[in-house]
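See below for the structure under consideration.
The values are calculated or read from the model by the stated rules, or taken from the named source; none is laboratory data. What you see is a predicted model, and the numbers here were worked out from it, not measured in a lab. Counting neighbours? That spans all protein chains shown, and the Cβs are built from the backbone with ideal geometry, glycine included.
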Amino acid sequence: MPSIDARTVQKLIRTQRKYADVLARALVEQRLKELETALDHERQKRGMQPITNDDGTIIRWVDTRQQPQKGRQ
């Protein structure tokens, strides 16, 4: 069985760590997108609508439900 020198082992360890970091980042980004989608759905369900700029990026959300009239009745 051939032996692997220390330099090759260290290179393999670095490559494996880098790959694990890339996978972890991809999983976190996917989960973040899922959470943002769920949050957007919940906002729309509660009567809120997004305000976007020219390139379609959401700036903020506003409540579009009618507010109760305050004052004299």
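Is there a residue in the stretch 57-69 that is of a type in the set (Lys, Arg) and surrounded by 10 or more Cβ atoms within 10 Å (Cβ to Cβ)?
No: zero hits.
So, of the residues in the stretch 3-42 that are surrounded by 10 or more Cβ atoms within 10 Å (Cβ to Cβ), among the acidic types (Asp, Glu) and modelled with pLDDT under 95, which turns out to be farthest from VAL62 (Cα to Cα)?
GLU36
Of the numbered conditions (1) assigned to a loop (DSSP other than H, G, I, E, B); (2) in contact with a strand residue (DSSP E or B) (Cβ under 9 Å, 6 or more places away or on another chain); (3) among the polar types (S, T, N, Q), GLN67 fails exactly one; give the number of that condition.
With respect to (1) assigned to a loop (DSSP other than H, G, I, E, B); (2) in contact with a strand residue (DSSP E or B) (Cβ under 9 Å, 6 or more places away or on another chain); (3) among the polar types (S, T, N, Q), GLN67 is out only on (2).
Can you find a residue that is surrounded by 10 or more Cβ atoms within 10 Å (Cβ to Cβ), on the phi > 0 side of the Ramachandran plot and under 26 Å from the mean Cα position of the chain (by Cα) anywhere in the stretch 46-54?
Looking for residues that are surrounded by 10 or more Cβ atoms within 10 Å (Cβ to Cβ), on the phi > 0 side of the Ramachandran plot and under 26 Å from the mean Cα position of the chain (by Cα), one finds at least one in the stretch 46-54, hence yes.
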